[in-house]
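Worksheet: the structure to be examined is printed underneath.
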């Protein structure tokens, strides 16, 4: 039987090979961020990595599950379920969330997860609209962390400490804040926190005008605006939770996550 082990930074090349072998993007910086801020689990057949998942805990209130991958040719053997169950045993939180692909959805439903909102749709392309000029660099990181905790419903200060060094830019406006990062391209926008869709548009425009970018959002108004400004729709994932019917916090203000993998 495959051996379950904790993943370390030394396993990142194997994680990347596994991910690209299944058609996922080559995102080395993201894998390193996830393993630095969460717990990675891997299934190994000898020295060969054949499955992964990452669990990111936010205090004792919430945990996010991500990067559930099984090597090509190993599907249908229960490896994905084994990985998810091992992560859930270590979650130690009343609510666990994830973003599910169409292929993964049946497994998560069997384990008790429920769909908790509209699909998150990925938009790609060069944003053709002008910058709004409505943002400025953040003056008080502590205020960002406090607002993020209110909107997300959990204290993510440890993640933010890492994210502020990971992000290319973080900006604030009258209605909220947003950040972006690259790995190495396209530019990924996230998070986006705003009072309304107009505020979200201001933030996104200042981050991505003229850039090849990616924005993940479920908001229909923001999605329509992205399409009008040169960004095409890509894949879709379903937000799911275990232990609740919806995620905590004021999620109506969260227009894009830091990354799907981080809830």
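The values are calculated or read from the model by the stated rules, or taken from the named source; none is laboratory data. Owing to the predicted nature of the structure, the values given are computational and were not obtained by experimental measurement. Note that we place each Cβ from the backbone using ideal geometry, even for glycine, and neighbour counts take in every protein chain shown.
Annotations
- Residue within the range 241-255 that is modelled with pLDDT of 95 or more, assigned by TED's automatic domain parsing to the domain that holds residue 188, over 17 Å from residue 148 (Cβ atoms) and in a strand (DSSP E or B) present: no
- If the condition is being over 17 Å from residue 56 (Cα atoms) and surrounded by 19 or more Cβ atoms within 10 Å (Cβ to Cβ), then the range 136-150 contributes only 144.
- The strands (runs of 3 or more DSSP E) found wholly in the range 1-66 and carrying at least 3 residues that are surrounded by 13 or more Cβ atoms within 10 Å (Cβ to Cβ), outside the structural domain of residue 151 (by TED's automatic domain parsing) and in contact with a helix residue (DSSP H, G or I) (Cβ under 8 Å, 6 or more places away or on another chain) occupy 39-45, 48-58.
- Residue under evaluation residue 221, criteria (1) in contact with a helix residue (DSSP H, G or I) (Cβ under 8 Å, 6 or more places away or on another chain); (2) in contact (Cβ under 8 Å) with a residue 40 or more places away in the chain; (3) more than 30 Å from residue 57 (Cβ to Cβ), criterion not met: (2)
- Number of residues in the range 244-256 that are surrounded by fewer than 22 Cβ atoms within 10 Å (Cβ to Cβ) and within 16 Å of residue 200 (Cβ to Cβ): the value is 4.
Residue-by-condition table, conditions (1) surrounded by fewer than 17 Cβ atoms within 10 Å (Cβ to Cβ); (2) in contact with a strand residue (DSSP E or B) (Cβ under 6 Å, 6 or more places away or on another chain); (3) under 28 Å from residue 32 (Cα atoms):
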| residue | (1), (2), (3) |
| --- | --- |
| 180 | no, yes, yes |
| 187 | no, yes, yes |
| 217 | no, yes, yes |
| 222 | no, yes, no |
| 226 | no, yes, no |
| 234 | yes, yes, yes |
| 263 | no, yes, yes |
